[in-house]
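Below: one structure, written as structure tokens.
The values are calculated or read from the model by the stated rules, or taken from the named source; none is laboratory data. Please read these numbers as outputs of a predicted model, since none were measured by experiment. Every residue, glycine as well, gets a Cβ built from its backbone with ideal geometry; the counts of neighbours run over all protein chains shown. These accessible areas exclude ligands, DNA and RNA; they are computed on the full protein's heavy atoms, side chains included. Shrake-Rupley method; radii C 1.70, N 1.55, O 1.52, S 1.80 Å.
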Amino acid sequence: MILGVDLGNYYTKSSKGVSFLSKVSCDGGIENKDFITVENKKIYLGEGEFDTEYRKAYRENILYLLQGAIDKSTTDKRNKVVVGLPLSQYKEDKEYLINRIILSKLVDDVDVLPEGVMAVPNDYQGILIDIGGRTTDICLLIIEGNKRRIRQPISLPLGIQNLENNFINSINSTYGLDLKVEDSNRILANGLFIYGERKKVNLDSFKEFVENIVRRVQVDYSLKTNDVVLIGGGAEKLYKPFKNRIPQAYLVKNSFMANAIAYGEYAKEIFR
Ligand SMILES: Nc1ncnc2c1ncn2[C@@H]1O[C@H](COP(=O)(O)OP(=O)(O)OP(=O)(O)O)[C@@H](O)[C@H]1O
Ligand SMILES: [Mg+2]
């Protein structure tokens, strides 16, 4: 099968609609049936800790995550994939990652693309903001002649995981609780109840996060005169506060899956 796989800091996703937390562990607990087999050992997907190595190409778990994404997407044994690297790591680490994946024999062929840019229309010109789990990648896309150019790429070490941490910490310190980051979606969706009584939830961390990004974007680009497109799972969550700050901002359809789907489309073209 021909596949796109987005090896995100937070979620691994494939162009077949598969997604799981980008974590692996040898211990799975009895109820976890999500595992891959490597040298006769079970490796559980979505369990354990996130890999803290910043450069994705060098992560210990990256091949397990790739294998997991492939196994969950297809029963085919022969596959060709396209994966991505953050803009800031793309030039330096592309060849290394290609070699590592080829040597692993997980796939018959592989290519690596920069994250973000493939997920917006070919003729889009303007600012692109990809809000992920641990990084926010920003660049300016322009068309010169008939070639797309990436200008001033920056990668901020700020993502939804940082935001969820701040959000939960502020609730914990206000109400003397010991909620975990994993509780943040539930509280956002249902509100905070203590012994059945609804409590106020402070959403300042969301505004601050958006403000932080906007401030950084303003330093490097003209936010007033450029179009702005948002992608990444974080963009879905933060669309409203962004729209309040940047009225021309719009959200790419299915932004959580957008990179994986775009890699898949590209893979179909090059591996025909
Ligand atoms: N359908 C979905 N399933 C799971 N998470 C989703 C979904 N839609 C949006 N999200 C949100 O997307 C966020 C993760 O964003 P995303 O998957 O873009 O990060 P990532 O690509 O793993 O990280 P990075 O780009 O830093 O490598 C999570 O906070 C999650 O709440
Ligand atoms: Mg991402």
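Within region 169-178, does at least one residue satisfy the condition of being touching a Phe, Trp or Tyr at 6+ places or on another chain (Cβ under 8 Å) and either within 16 Å of ligand 1 (Cβ to nearest atom) or at pLDDT 95 or above (or both)?
Taking region 169-178 and keeping what is touching a Phe, Trp or Tyr at 6+ places or on another chain (Cβ under 8 Å), we get none.
No, every residue in region 169-178 fails to be touching a Phe, Trp or Tyr at 6+ places or on another chain (Cβ under 8 Å) and either within 16 Å of ligand 1 (Cβ to nearest atom) or at pLDDT 95 or above (or both).
Here is a yes/no grid of residues against (1) of a type in the set (Ser, Thr, Tyr); (2) touching a residue at least 40 places away in the same chain (Cβ under 8 Å); (3) within 16 Å of ligand 2 (Cβ to nearest atom); (4) open to solvent by 70 Å² or more (accessible area, probe 1.4 Å):
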residue: Lys207; (1), (2), (3), (4): no, no, no, yes
residue: Ile213; (1), (2), (3), (4): no, yes, yes, no
residue: Val217; (1), (2), (3), (4): no, yes, no, no
residue: Lys224; (1), (2), (3), (4): no, no, no, yes
residue: Val229; (1), (2), (3), (4): no, yes, yes, no
residue: Asn244; (1), (2), (3), (4): no, no, no, yes
residue: Asn254; (1), (2), (3), (4): no, no, yes, yes
residue: Glu265; (1), (2), (3), (4): no, yes, no, yes
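All of Phe256, Phe193, Phe242, Phe209 fail the test of being outside any loop (DSSP other than H, G, I, E, B) and within 25 Å of Glu49 (Cβ to Cβ), apart from Phe209.
Selection of region 24-45 for residues being surrounded by fewer than 19 Cβ atoms within 10 Å (Cβ to Cβ) and within 16 Å of ligand 1 (Cβ to nearest atom) yields only Asp34. Taking the listed residues Asp130, Asp93, the one that is closer than 30 Å to Glu39 by Cα and crowded, with 16+ Cβ neighbours inside 10 Å is Asp93, with no other qualifying.
All conditions but one from (1) at pLDDT 95 or above; (2) of a type in the set (Ser, Thr, Tyr); (3) away from ligand 1 (no atom under 11 Å from the Cβ) apply to Thr52; the one that does not is (1). Flag: Arg134 matches the condition of being assigned by TED's automatic domain parsing to the domain that holds Val228 and in a loop (DSSP other than H, G, I, E, B).
Sort out which residues of region 148-199 are polar (S, T, N, Q), surrounded by 13 or more Cβ atoms within 10 Å (Cβ to Cβ) and under 20 Å from Phe242 (Cα atoms), and write them in order of number. Before the answer, list the steps.
Taking region 148-199 first, the residues polar (S, T, N, Q) are 152, 155, 161-162, 165-166, 169-170, 172-174, 184-185, 190.
Applying the additional criterion that residues be surrounded by 13 or more Cβ atoms within 10 Å (Cβ to Cβ) yields 155, 161-162, 165-166, 169-170, 172, 174, 184.
Scanning region 148-199 gives Ser155, Gln161, Asn162, Asn165, Asn166, Ser184.
The residues on offer are Ile70, Ile138, and the sole one that is in contact (Cβ under 8 Å) with a residue 60 or more places away in the chain and either within 16 Å of ligand 1 (Cβ to nearest atom) or more than 21 Å from Val38 (Cβ to Cβ) (or both) is Ile138.
Look at Ile154 and say whether it is closer than 18 Å to Gly8 by Cα and assigned by TED's automatic domain parsing to the domain that holds Lys13. Judged against the criteria, Ile154 is not a match.
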